[in-house]
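Presented below is the structure to which this report refers.
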Amino acid sequence: MTEQIGIVGGGIVGLALARALARSRDAEVTVLEKETRVATHQTGRNSGVVHAGLYYPPGWLKAELCARGRSMTREYCEEKHLPYREGG
Ligand SMILES: Cc1cc2nc3c(=O)[nH]c(=O)nc-3n(C[C@H](O)[C@H](O)[C@H](O)COP(=O)(O)OP(=O)(O)OC[C@H]3O[C@@H](n4cnc5c(N)ncnc54)[C@H](O)[C@@H]3O)c2cc1C
């Protein structure tokens, strides 16, 4: 049976979650956003830095997730032909 899932907030967290759920489950996912467009708050107004994970001690979950997220972000950008610059 198709699940009905509602997610409140169309920022990066809500949208990424909606994408992951829609791809991994038999679900109809609805994102509820109070603004007229998605990503108008923090997600659309940040510094655009893909964090390397250097600020966290090695072995911390945050460091691990940061490194994993960085690779996933780069792969996603390549796949979708989105600009991604590695500044070093
Ligand atoms: C100045 C600044 C610079 C930053 N720079 C970076 C950076 O360089 N690199 C980085 O990785 N991170 C950066 N961040 C952090 C990053 O932007 C946030 O962690 C991320 O965007 C949070 O995403 P979010 O989806 O949780 O929140 P948001 O993007 O704020 O999305 C929340 C959404 O929920 C909606 N909403 C809220 N309440 C309701 C409701 N009741 N009903 C319906 N919708 C609702 C809002 O309208 C909004 O669209 C920065 C943050 C700031 C503020």
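Below is a table of values for the structure above.
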| item | result |
| --- | --- |
| Cα-based helix-to-principal-axis angle, 12-24 vs the chain, degrees rounded to 10 | 70 degrees |
| Förster-model FRET efficiency, 25 Å R0, R85 and A22, C-beta, rounded to 0.05 | 0.30 |
| Ranking of Y76, Y55 by count of other Cβ atoms within 10 Å, fewest first | Y55, Y76 |
| In sequence order, calculated HN-Hα J values of the range 77-88 (Karplus, 6.51, -1.76, 1.60; Hz; x Gly/Pro) | 5, 5, 4, 9, 6, 9, x, 8, 10, 8, x, x |
| Cβ-placed point charges (K, R +1; D, E -1), dipole of the range 18-88 about Cα centre in debye, nearest 20 | 160 debye |
| Förster radius 41 Å - calculated FRET efficiency between I5 and Y55 (Cβ-Cβ, nearest 0.05) | 0.75 |
| Order of L82, L15 under a 10 Å beta carbon neighbour criterion, fewest first | L82, L15 |
| Estimated translational D of the chain in µm²/s (Stokes, Kirkwood radius over Cα pairs; 25 °C; 0.890 mPa s) | 163 µm²/s |
| Helix-only mean residue ellipticity at 222 nm for the chain, each DSSP H run of n ≥ 4 adding -39500 (n - 2.57), per residue, nearest 500 | -12500 deg cm²/dmol |
| Least to most buried among R25, R85 (fewest other Cβ within 10 Å first) | R85, R25 |
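Since every read-out is calculated from the coordinates, none of them should be taken as a lab result. Note that this is a predicted model, so its numbers are computed, not measured. Neighbour counts run over all protein chains shown; Cβ positions are idealised from the backbone, glycine included.
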